[in-house]
Amino acid sequence: MSLSTSLNCHSAPPRRRSAMLHSPQVQSTRTALKAAWRASPGATQLPARPNGPAAGPGASPRRLFCSSSSGSHRPAQPLGRTSTSTSAAAADAVSVASEDGLGVVAVDPQLANFADHFRYRWRQYSSTLASIEAAAGSLEQFAEGYKYFGFTREDSAIVYREWAPAAQAAALIGDFSGWQPVWMSRDKWGTWSVRLPDVDGHPAIPHRSRVKVRLQHPGGGWMDRLPAWIHWAVAEKRMGAGYDGVYWSPPPAEQHVWVHPRPPPPPALRIYEAHVGMSSEEPKVASYTEFKDTVLPRIQALGYNAIQLMAVQEHAYYGSFGYHVTNPFAVSSRSGTPEELKALVDEAHRRGLLVLLDVVHSHISKNTEDGLAGFDMGQKEQDNYFKQGEAGYHRLWDSRCLNYANFETLRYLLSNLRWWVDEYRFDGFRFDGVTSMLYHHHGIHTSFSGAYHEYLGSATDVEAVVYLMLANQLVHRLLPQAVTIAEDVSGMPALCRPVSEGGVGFDARLNMSIPDKWIQLLKHTRDEHWRMYDIVTALCNRRYTEASIGYAESHDQALVGDQTIAFRLMGPEMYDGMSALTDPNQVVARGIAMHKMIRLVTMALGGEGWLNFMGNEFGHPEWIDFPRDGNGWSHHYCRRQWSLADTSHLRYKFLQAWDAAMMRLDEHYGILSSRHQWVTHMDEQQQVLVFERGPLVFVFNWSPSADQEGHRVAVPSPGKWRVALDSDAWDFGGSGRVGHDVDHFSDPEPAGTSKDREHSIRVLAPSRTAVVYYNADTHTHWQQQGREQQPRDEQEDEGQGQQRRPGAGGLEDPAGDTHPHAAHPHHQGLAPAATQTAGGLSLGSGDEQAGFR
């Protein structure tokens, strides 16, 4: 059976995350596809598809555009609505959208049915913003709380202030006083303060001194707490040791001096998700300095343009992966000092990399001894950072829920964002756990089918939504080019629309349903039963007016109890079967081929950006398991084995080279930033998938065994088409079945089943291979820069795109084996500043890419 359609892949996503939502498979787009196809004159009806969930009433925030035989395009009718009702709804939407805060209705007319919800939300936002501006002058000034609270320098003195309205008495203690109490006074708002004049021209509290605040509980007892606004906190290097706050105010000679400006925002984000602590190959906690010196060059060399740093905010429990934050303003001391983190960010900017912070404002660790939770003494919510009762406890995460309606909570969180932007020069944020914030039920045991009432109703936590609107407004006012990304599994509409329209204001959301789909296929479906329709549906299931970051896997899939894609594909063979000196066995050959295809199709179809977790680019084996009692407090599974990818006789190098080539492909052709995304062919019997993204044509043959010779592929324009990227190339550990010296001249003949393209080419589509084509009449090859730097006789010898067989030249390893193209590292797809040889990455200084020539 052959299934072919021309499909513009933009639709709306119900999302699911297995760690949070224990629910059935979310709504498929099949019904939407069928409705769209039947709405198109002259279109062939899609054949019946078994086992697809049916659309429920009201489900379908989706819009898909399908092609008719005449080539005209028109939007599919919304599910559950006739064309008459759609027209009426559209007319109503125009009227509603003219109101303040209801511009989202013009983007999605179905939201007109929930106009009252958006009006209420906008009133709450406007009222809160007006109160903030009346009290502080502006949102930006309100978010400068760190200049008033915590430790500040004022008129030759240190002033310490802490909001703790429930405390009956308060005193500052620490090394500076021999841990004797220095009593504080309280104002009418519940803020305690103390002024410590300089002594003999020196601050009363020396730099790096340990400090705490001693509070008297309403019940009469005393408790020592870390200051809420502390900038650094440390624990003794012994098991179970508690944390102390540290007064951080280095003298000028020890302060980091910023050198490099923020890099300009790229057309599309290629994000490298990284955890500094586990970035060393040694079994230890890595430092910011080590990451700066050894990992940043790798990230630049691979071709990423942004890094997302996890676990930067201080967290007492290392095994929480940084998500049980105890001290939001403090830099995690496990990896170094605030100045060393600043040096890391500065160096990343020099290398042209944006730096995003994985910020946790969705909950706080319940650890009262070491963190913010210690300021909850059971007082009323108007005097508390936290909600009370059941609403104040996250039963799935065993943590505390913040009180977003409280004025001082808003000041604290908004100031926290400004602190990281101003003090550390982060370029944006990935907001963790946004789904938990958006709904009173936190998404626990909740299924999202796509029906709008699930997102916009009594379950919505409007107070948290208003905070997120304020947060996005603040960040973009402070830094117009800043990036904010939401980790949301629900697919709430308008989450990534501007605040001015009534949206929540994020720039993008993580497309979290995609990794679930790959896990489902790899665990439960044999390769020969993979359906192209299912893959396309999963990858294209997103809102076309809201940007998504696509990814095949992240840190979630690498945690103990789960498996990375590479480990699911190859398992124990990754220990013994990865030698590049012999032919791979069937398990390894399949695994490497599928790993490359899964990553490429996800990047090309899954969103407007790309994310990769540290090490997954080369198929890092095993899992992540932080040191804990159950593993003998070992770091063995909490590190990154970079040497696997850098060893010339191991096949990990091929996966790393492939990842670098994918990044360079986007850099050259702008596929992620392109709005042109068109699926032209899905053949279920042959397991062939063809689509266009940007100026390129992608041909995937997922069949385990059947090559397709002379396969006719539709192309968007006539001309001479050539291979841009080939997963079966020797450079990437393949068999070299596709000739790169072949020009594919188009014929004025539509492809066999495509209805909207007038030209086509014939290609070889080998089994388990992805080949990408470009029009040589209008574009250049992405490796051309490297070719132009080669001697002319080498270019002529090599031919345009022709593959070199093993033994035809290259660098010899100690075993005497030759490596194809090692002598011409630019064939691996890296910039001249950071080339890759068969032995791994050759790391440049970064000056070339950053523009320092």
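The values are calculated or read from the model by the stated rules, or taken from the named source; none is laboratory data. Since we're looking at a predicted model, the values are computed, not measured. Neighbour counts run over all protein chains shown; Cβ positions are idealised from the backbone, glycine included.
Numbers below:
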{"quantity": "Residue check, LEU341 assigned to a helix (DSSP H, G or I), under 21 Å from ALA464 (Cβ atoms) and in contact (Cβ under 8 Å) with a residue 24 or more places away in the chain", "calculated": "no"}
{"quantity": "Total residues in region 385-415, condition touching a residue at least 60 places away in the same chain (Cβ under 8 Å), out of contact with any helix residue (DSSP H, G or I) (no Cβ under 8 Å at 6 or more places or on another chain) and not acidic (Asp, Glu)", "calculated": "2"}
{"quantity": "Test for LEU672: is it part of a loop (DSSP other than H, G, I, E, B) and surrounded by 24 or more Cβ atoms within 10 Å (Cβ to Cβ)", "calculated": "yes"}
{"quantity": "In region 119-140, residue farthest from GLU501 (Cα to Cα) [restricted to those that are without any contact (Cβ under 8 Å) to a residue 60 or more places away in the chain and either in contact with an Asp or Glu (Cβ under 9 Å, 6 or more places away or on another chain) or assigned by TED's automatic domain parsing to the domain that holds ALA204 (or both)]", "calculated": "ALA136"}
{"quantity": "Residue in region 501-519 that is outside the structural domain of GLU684 (by TED's automatic domain parsing) and more than 28 Å from VAL107 (Cβ to Cβ) present", "calculated": "yes"}
{"quantity": "Test: residue in region 459-467 that is within 25 Å of ILE535 (Cα to Cα), part of a loop (DSSP other than H, G, I, E, B), modelled with pLDDT of 95 or more and not hydrophobic (A, V, I, L, M, F, W, C)", "calculated": "no"}
{"quantity": "Among the residues listed as LEU655, LEU611, the single one being buried (at least 23 other Cβ atoms within 10 Å of the Cβ), touching a residue at least 24 places away in the same chain (Cβ under 8 Å) and under 21 Å from SER735 (Cβ atoms)", "calculated": "LEU655"}
{"quantity": "Residue match in region 519-527 (condition: at pLDDT 95 or above and buried (at least 21 other Cβ atoms within 10 Å of the Cβ))", "calculated": "no"}
{"quantity": "Complete set of residues in region 350-374 that are outside any strand (DSSP E or B) and in contact with a strand residue (DSSP E or B) (Cβ under 7 Å, 6 or more places away or on another chain)", "calculated": "LEU353, VAL360, HIS361, HIS363, LYS366, ASP370, GLY371, LEU372, ALA373, GLY374"}
{"quantity": "Filtered residue count, region 476-485, keeping only those that are assigned to a helix (DSSP H, G or I) and either in contact with a Lys or Arg (Cβ under 8 Å, 6 or more places away or on another chain) or more than 19 Å from ALA508 (Cβ to Cβ) (or both)", "calculated": "1"}
{"quantity": "Filtered residues of region 275-302 (kept if of a type outside the set (Val, Ile, Thr), part of a loop (DSSP other than H, G, I, E, B) and farther than 14 Å from GLY615 by Cα)", "calculated": "GLU282, PRO283, LYS284, ALA286, SER287"}
{"quantity": "When residues of region 144-160 are limited to those that are touching a Ser or Thr at 6+ places or on another chain (Cβ under 8 Å) and surrounded by fewer than 20 Cβ atoms within 10 Å (Cβ to Cβ), the one farthest from ALA228 (Cα to Cα)", "calculated": "ARG153"}
{"quantity": "Sole exception among (1) outside any strand (DSSP E or B); (2) within 19 Å of the chain's Cα centre (by Cα) for VAL325, by number", "calculated": "(2)"}
{"quantity": "Selected residue (criterion: nearest to the chain's Cα centre (by Cα)) from residues of region 488-532 that are assigned to a helix (DSSP H, G or I) and among the β-branched types (Val, Ile, Thr)", "calculated": "ILE514"}
{"quantity": "TRP192 vs. criteria aromatic (Phe, Trp, Tyr), exposed (fewer than 15 other Cβ atoms within 10 Å of the Cβ) and over 30 Å from LEU479 (Cα atoms)", "calculated": "no"}
